[in-house]
Each structure stands twice: as C-alpha cells, then as structure tokens.
Amino acid sequence: MASVLVVEDNPANMKLITLLLTKADHTVLSAVDAETGLILARAERPDLILMDIQLPGMDGLAATALLKKDPTTAAIPVIALTAMAMKEDQVKSEIAGCDAYIAKPLRHQEMYAAVDTLLAKAELRSEADPVAQPT
Ligand code: MN
C-alpha cells in the first residue's frame, strides 16, 4: 500500500484512476491542477505521482520539472499521463524528468504495471539508502 498523488483535470479520468488505485489498496490524494498538485506533493510527499500532461494553467511537464528540481520531492517517481497519439508528449515527458508514461485512454493493466514497477524501484532505493527515506 502506497500513497499516490493524482494530478488530473478530467473528472472521468480522475474517477477511474482513483477507483483503480483504491482497489489496489493505495491511498489517493488528488489535485485538479498543477499548482495544487505541487503544494500537495511538497506537503504530503506521496510515494508516487500520476501527472496529466495537459492541465489548465501550468502543464504537467512544467510541474514535473519543478518537482524534480526540488530536493523535497525530487525522489518521488512521476508517471506522466499522455494522449495516445502524442509521441511528442512522451519524448517531452522524459525530458521533463518523468520516470514513466501511460498513454490515454487508460488501460488498467498498463497502469497497474507502471505503478507497481515504480513503487518497487522506489522501495529498493530507499532500502539501499535509508537516509533518503521519506518520513
Ligand atoms: Mn488534462
């Protein structure tokens, strides 16, 4: 079980992602824009962040770049939610520092696989370096 911050402005997607994560026993924090997402990420230090790329105001790429620059949040893995056809979004998400991406429309197994992989990686890292473990 992990705490996962979901930054997504589309209510239907937010509902689906929340349902899937809750089913997998994760705790969900949610934000409908990047600005709120950044505040929550810094305050709550979730284990993982799912970041929509297309958001009103600041986009998910700019928000991810800020998270990766901030020592408080830099170690939190970020999964970008990109539009299926937008190869460009996927390249940009890597440049912004996203650890993985999932193409929308969301496929359940793909989302679970990405979430499990990144949480497992983060756990290995914190075991190897206990000082870096979030409190
Ligand atoms: Mn969006």
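Taken together, the values in this text are just the output of simple stated rules run on the coordinates, not laboratory data. Just so it is clear, the structure is predicted and the values come from calculations on it, not from any experiment. Backbone-built Cβ (ideal geometry, glycine too); neighbour counts: all protein chains shown.
For this structure, a couple of remarks:
- Nearby lysines by direct alpha-carbon distance to Lys69 (threshold 19 angstrom, same-chain neighbours under 8 apart not counted): Lys92
- The chain, relative contact order [Cα under 8 Å, separation at least 6], %: 20 percent
- Computed from the alpha carbon positions, the gyration tensor of the chain leads to an equivalent ellipsoid with semi-axes of 21, 17, 15 Å, biggest first.
- Under 5 Å from the amide H of Thr27 lie the amide H atoms of Ala2, Ser3, Val4, each residue being 5 or more positions distant or on a separate chain, with H modelled from the backbone and absent for Pro and chain starts.
- The Lys69 and Leu20 beta-carbon pair, evaluated with R₀ = 35 Å, returns a calculated FRET efficiency of approximately 0.75.
- Cross-link partners of Lys15 among lysines, defined as those whose alpha carbon lies under 18 angstrom from its own and excluding same-chain residues fewer than eight positions apart: Lys23, Lys104.
- For Ile53, nonlocal amide neighbours, meaning residues 5 or more places apart or on other chains whose placed amide H falls under 5 Å from its own, are Leu81.
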